Amino acid sequence: MAAKTDVCIPVCEDRSEHGQVSIGEDFDYSQRGQWLRAAVLGATDGLVSVASLMMGIGAVKQDVRVMIITGFAGLVAGACSMAIGEFVSVYSQRDVEVAQMKRENRIAKEALPNPIQAAVASALAFMVGAIVPLLAAAFVVDHKVRLGVVVATVSLALVVFGWIGAVLGKTPVIKSSVRILVGGWMAMGITFGLTKCIGSTGL
């Protein structure tokens, strides 16, 4: 009995360890790539684009109403642009896959990419990101404080988006968050600086 037990235990452990390794190795995180890219990039684009637009307006106008209207216009225009761009891109990908299947005389085993679904998801993600700076600015009266609140809120949101993308994609969290944060700061800073410069010339 002792001999049988000695033989069985390592075999069972090997199977258990092998099973655990195969589960982790078999899961392909790249399968998340398409929807993760559309969601995270859409939200980040909405956040950075609208925040930068509002910072640019804030560089030359102190009226909160003007800033909010400008940001809202950016939200609508950006969401439409993202939806149309994603629709065209995914539809083109779908056409390529269909043409390839016809050349190979085979039936699709996997669902083809849905351009409408991708367009809606991209537009919604953009709006989620874009609404952050709008809400941050809407309730602050003082102009300078408002700009500071927008920058702080957007910075926090950028870190959160970077963290979410890194966790879902199993990539380094700190590196992803820092990269997206610095990029957002650069976009807002450049827009604010150039608009301030042009506004000061009286054009």
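No lab work stands behind these numbers, since they all come straight from the coordinates. Fair warning: this is a prediction, and the values are worked out from it, not measured in the lab. Cβ coordinates were reconstructed from backbone atoms using ideal geometry, including for glycine residues, and neighbour counts include every protein chain displayed.
How large is Rg/Rh for the stretch 34-200, to two decimals, with Cα atoms and a Kirkwood Rh? Numbers along the way, then the final one.
Numbers: Rg = 18.8 Å, Rh = 17.2 Å.
With Rg and the Kirkwood Rh in hand, the quotient comes to 1.09.
Counting other Cβ atoms within 10 Å, which trypsin sites (Lys or Arg not before Pro) in the stretch 94-203 have at most 12 and lie in a DSSP loop?
106, 109, 170
Sum up the charges of everything whose Cβ sits under 13 Å from the Cβ of residue 183, counting Lys and Arg as +1 and Asp and Glu as -1, but leave residue 183 out.
+1
Taking +1 at the Cβ of each Lys and Arg and -1 at the Cβ of each Asp and Glu, which of 105, 58, 169 sits farthest along the dipole of the stretch 34-200 towards its positive end, judged by Cα position relative to the Cα centre?
The residue sitting most towards the positive pole is 169.
Taking 0.36 nm per intervening residue step and subtracting the Cα-Cα distance, what contour gain separates residue 175 from residue 111 on full extension?
19.7 nm
What's the lysine pair count for the stretch 34-200 at a Cα cut-off below 29 Å, pairs eight or more apart or interchain?
4
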